[in-house]
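A short write-up of the structure that comes next.
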Ligand code: ATP
Ligand code: MG
């Protein structure tokens, strides 16, 4: 109704209002963080419906994450009621899957097509490489997949690509690409990147289908437009259509918050919107409603160091607010300890509920030190975009290995690792061993000792194929060797490394390409650190003592009591997943050169700019209280690494920061002696690659492949995975 429509624009500023009621040509809303872009988009949708300018079914709204889609749906339901269900509010991928399922006939696919996840894709690519005779020394299946993903994001299909080969390497890519696509087709499957490209191809090849969707979606609205890639850009362009019948397109975004270049996102899309759509209206929002002035000034000071950006004026009428609080910790533990103290103080005083607080870090593995302290302090927390450290699959697997070493009769642990990593032992083999165990009243591990051993008083385990038998014997040998070494006093961290290497676990991890968790190797590195550290503080401790220690910190019984629950939970997340969100209190941790900005970005201006945008996103999530912390020394692979302050810290004007502690003990030590604090500096390691965790890799893994780092690379722009000695010298010079 007209009344309801009026209420939707109440309280909006003139620019926001203009964006909500705009009618006609394409609309671009471009504005800094917290200026109400998402709010404008949501209110615009509701306003279109309330004024009768659109029916709910005519609306297609695209958000960046499923979580954002869910929030927008809920918001629209509260504004409009159940009619909101008839709108398409989803990510690019879910919208495209919906279209593809509906149009499968035109695609010559069954509607039941499968979507391959990255593990499936990798398996398929391995097969392609074998069958096409592609030498993995020339191109690894993973690097080929990455390259193909980039091509798909650019809408380059195998035929297009075959026409533009530059060198021998391209010839290999072309063969792999063709083979891969044809096998996907025969499997009636699409991979993740295919979803968008196939939809674009479908629409381009079938004008009637295109017209159908163009008529249906009269209003297309895209949030976070700065993070669209080329394929998504073209998709939107087609769905909107051109000429007098074109739909109404609204896009909102902020070039300074583009943080997905590694998935092909390009800010070109937002920067050239006005050229792409000459009839476009642009609206600039300049008032920030989220943060205090001090927080805004700090964030603006950082982002203004990026070259080639359009300067923005962002202001707030919320007053200066408190200063940003800074803390330099001696170590990641000291950082976590400081954090807990602050959390407890603000909670106790009633200033904040747990759910008002978020803690950000650059990489998933950093959450471990924080999580342990939170658990010990009994502070409830939730981890977004990741599993709690000790509940992560790779951590549970690794701990299961250690448990089996400490206790061969631990049946749960033994069965967990029996075919992990996959060694070709199926349910039949497992059943045969289990039956033997049951028949003789022994543990599963005990039965494994009888495999292939006719001398045993019970005889060998029956019902196993010769191959399964040999596999189990090999597996057992690895365990026995590790157990013998452990009993001789080997350090738990070394036992872990040996097991992960000899069982091929590391190898399998390196070959897996799961985008959900790009950091499994980092997490194992963290577990290595936990073990190494435990040994340092308890030199006499056995493997059993270590496992007991871990069991205590990871025990879920120690999780929050009921009172705490009423107050919600502290949120822990990476900066990437914090996009679009806001919290009264935010901690941005790990502000060290080499952590944030990430090691890989230090020598590359393009990637460094992206890291700076990421820092801008992090700082602008805070509404009232912003903490910035760093650790002078951070353990990686069990060795303390000295890390210089993040350059982003230097970029924040000092008068904005209330330093609770400005120097670490290490800084003092460093000033009084000229040598390095931590002794074994990794930067002098000649084998050091692009990995930030190079010094003591688990197993014999080549440095540079350890942190999943190359995954984030665009192979087209960065063929080199490792830093050159010159890069390292530059880095060294900064310290
Ligand atoms: P980001 O760039 O981080 O995605 P954004 O530009 O999408 O931010 P919103 O999340 O829409 O910003 O808004 C930031 C905060 O300001 C929200 O809490 C929102 O409700 C509030 N807000 C926006 N506009 C107004 C307004 N006119 N009056 C009051 N509050 C507002
Ligand atoms: Mg937003």
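Each value in this text was obtained by applying a stated rule to the coordinates, not by laboratory testing. From a predicted model like this one, the values you see are computed outputs, not experimental measurements. Note that each Cβ is placed from the backbone with ideal geometry, even for glycine, and that neighbours are counted across all protein chains shown.
For helix 230-240, what angle does its Cα long axis make with the longest principal axis of the chain, in degrees from 0 to 90 and rounded to 10? Long axis of 230-240 versus the principal axis of the chain: about 40 degrees. Counting neighbouring beta carbons within 10 Å and listing from fewest to most, the residues 598, 93 come out as 93, 598.
Rounded, prolate or oblate: pick one for region 190-258, where a ≥ b ≥ c are the square roots of the eigenvalues of its C-alpha gyration tensor, a/c under 1.5 means rounded, and failing that, prolate if a/b is larger than b/c, else oblate. Cα axes put region 190-258 in the oblate bin. Applying 1/(1 + (r/R0)^6) with r as the Cβ-Cβ distance of residue 182 and residue 310 and R0 = 35 angstrom yields a FRET efficiency of 0.20.
Once you order the gyration tensor axes a ≥ b ≥ c over the Cα atoms, which shape class does region 253-335 get: rounded for a/c under 1.5, otherwise prolate or oblate by comparing a/b with b/c? Oblate. Once the Cα-Cα distance is subtracted from the 0.36 nm per residue extended length, the residue 210 to residue 538 segment shows a gain of 111.3 nm. Using 12 Å as the cut-off for backbone N distance, which residues of region 15-36 belong to the label zone defined by a point 7 Å from the Cα of residue 282 along Cα→Cβ? Only 28-31 pass the distance filter.
Mean projected area of the convex hull spanned by the Cα atoms of the chain, taken over all viewing directions: 35.6 nm². Each label was represented as a point 7 Å from its Cα along the Cα-to-Cβ direction; for residue 545 and residue 384 these points are 4.1 nm apart. Model label points for residue 663 and residue 322, set 7 angstrom from Cα along the Cα-to-Cβ axis, are 2.7 nm apart.
Between residue 104 and residue 650, 0.36 nm times their residue separation minus their Cα-Cα distance comes to what? Once the chain is fully extended between residue 104 and residue 650, it gains 191.1 nm. A straight chain from residue 111 to residue 485 at 0.36 nm per residue would run longer than the Cα-Cα distance by 129.1 nm. Exposure proxy ranking for 65, 242, 250, based on other Cβ atoms within 10 angstrom of each Cβ and starting from the fewest, stands as 242, 65, 250.
Relative to the dominant Cα principal axis of the chain, helix 293-303 is inclined by about 70°.
Contact order, relative form, for the chain: 17 percent (alpha carbon pairs under 8 Å, 6 or more residues apart, mean separation divided by residue count). Taking 17 Å as the cut-off, the amide N atoms of region 438-468 that come nearer than this to a point 7 Å along the Cα-to-beta-carbon line of residue 409 belong to 438-450. Most simply put, the chain has about 10% antiparallel DSSP beta bridges, counting only bridges with both residues inside it.
Against the chain, whose longest principal axis comes from its Cα atoms, helix 543-554 is set at around 30 degrees.
Shown here are the Rg and Dmax of the Cα trace of region 1-151, at 21.7, 69 Å.
Remark: spin-label model distance residue 377-residue 13 equals 3.5 nm, labels positioned 7 Å along the Cα→Cβ axis.
Rounded to the nearest 0.05, the FRET efficiency derived from the C-beta distance between residue 351 and residue 4 at R0 = 30 Å is 0.25. For the chain, the mean residue ellipticity at 222 nm estimated from helices alone is -14500 deg cm²/dmol, where every DSSP H run of n ≥ 4 contributes -39500 (n - 2.57) and the total is divided by all residues, rounded to the nearest 500.
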